[in-house]
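Asks: Let me begin by handing over the structure; questions about it come next.
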Amino acid sequence: MNEDKSVLVICGPTGAGKSEAGLILAERIGGEIISADAFQFYRGLDLGTAKPTVLERKKVPHHLIDCLSPEEKSDAHRYAEKVRLLVPEIIGRKKIPILVGGSGLYLRAVLDGFFEVPDQAAVLEARKELFGVGPEELLSRLNRVDPEAAARIHPNDTYRLGRALEVYLATGKPISALRRQNTRFAYPFRLFGVHRKREELYRRINQRVEDIFAAGFPAEVKALRERHNFALPAFEAIGYRETAAYLSGEISLPEAKSIIKQKTRNYAKRQLTWFRKEKRILWLDFNRR
């Protein structure tokens, strides 16, 4: 039962053990899992995204996995809309929704709300206007139209500075004001983070790379490459383009594995930086005793 209609969230860096924790928890308390991994949405990207197995999905219902083709686009706004439809359905079945994943931006869109995406044609026009503008000028312009947003963005973060200005130019409204108008999540939620010491996390990441290659990852990449353009955003998932380079003879197998391990460790580090800023997370110690 879920009398208070709470939503549980299990987050943390890649390789920490979020999926295993979510599965065990869901089995024990009668939960259904909603993936918060931006690349598990894509059909065919299985081993490289550590997607739950068919058996695991039979044990516990999973949502927002294999819901897009690699040609389709995903973003945090659309994801949040889907989650907000799923949560009441799951609660209506007397089950507990459990969001599991490491895509911080997607989780934030669900829990803290979002505003309507501006018209894309207007955004593209604004992007053209800002093309080539340096960070100092971007910050200066943003300070004039939205000092609140400017104060929250690092002076060298050209992406976020540019994005805030794009929104203003496309809508005529400051991004800070639009965020205040967003729709808050309608359900109470509890945030849990899976914590491991860095050396243990990196050991798990390195081992997982070895495991997916042993399980046939090159064959998965080969099949995908025959059907899809690897320039698509879906294949920004770590491991796919690197393994494609190995299959093309551009790099050796040891080189491919080494690059994937390093990129995954770097990604985990960035995720940790993101999640450590989130003060609502209760961190759970998953280190080996």
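Values in this text are rule-based calculations from the coordinates and carry no lab data. Every value quoted in this text rests on a predicted model; they were computed, and no experiment measured them. Please note: Cβ atoms are built from the backbone with ideal geometry, for glycine as well, and neighbour counts cover all protein chains shown.
Asks: Could we say that Phe235 is more than 27 Å from Gly104 (Cβ to Cβ) and surrounded by 12 or more Cβ atoms within 10 Å (Cβ to Cβ) here?
Replies: So Phe235 fails the test.
Asks: Please go through region 250-275 and give me each residue that is of a type in the set (D, E, K, R) and within 16 Å of the chain's Cα centre (by Cα), ordered by number.
Replies: Lys263, Arg265, Lys269, Arg270
Asks: Okay, next question. Being within 25 Å of Glu72 (Cβ to Cβ) and among the hydroxyl-bearing types (Ser, Thr, Tyr) narrows it down to one of Tyr202, Tyr240, so name that one.
Replies: Details: Tyr202 fails: within 25 Å of Glu72 (Cβ to Cβ).
Every option except Tyr240 fails the conditions.
Asks: Would you be able to tell me the number of residues in region 20-36 that are closer than 30 Å to Asn229 by Cα and surrounded by fewer than 23 Cβ atoms within 10 Å (Cβ to Cβ)?
Replies: 0
Asks: In addition: Give region 51-82 a look and list any residue that's more than 30 Å from Arg225 (Cα to Cα) and either hydrophobic (A, V, I, L, M, F, W, C) or touching a strand residue (DSSP E or B) at 6+ places or on another chain (Cβ under 9 Å) (or both), or say none.
Replies: Hit for region 51-82 is Val60, nothing else.
Asks: Collect the residues in region 214-232 that are closer than 22 Å to Arg265 by Cβ and either buried (at least 18 other Cβ atoms within 10 Å of the Cβ) or in contact (Cβ under 8 Å) with a residue 24 or more places away in the chain (or both), keeping them in residue-number order.
Replies: Ala215, Phe217, Pro218, Glu220, Val221
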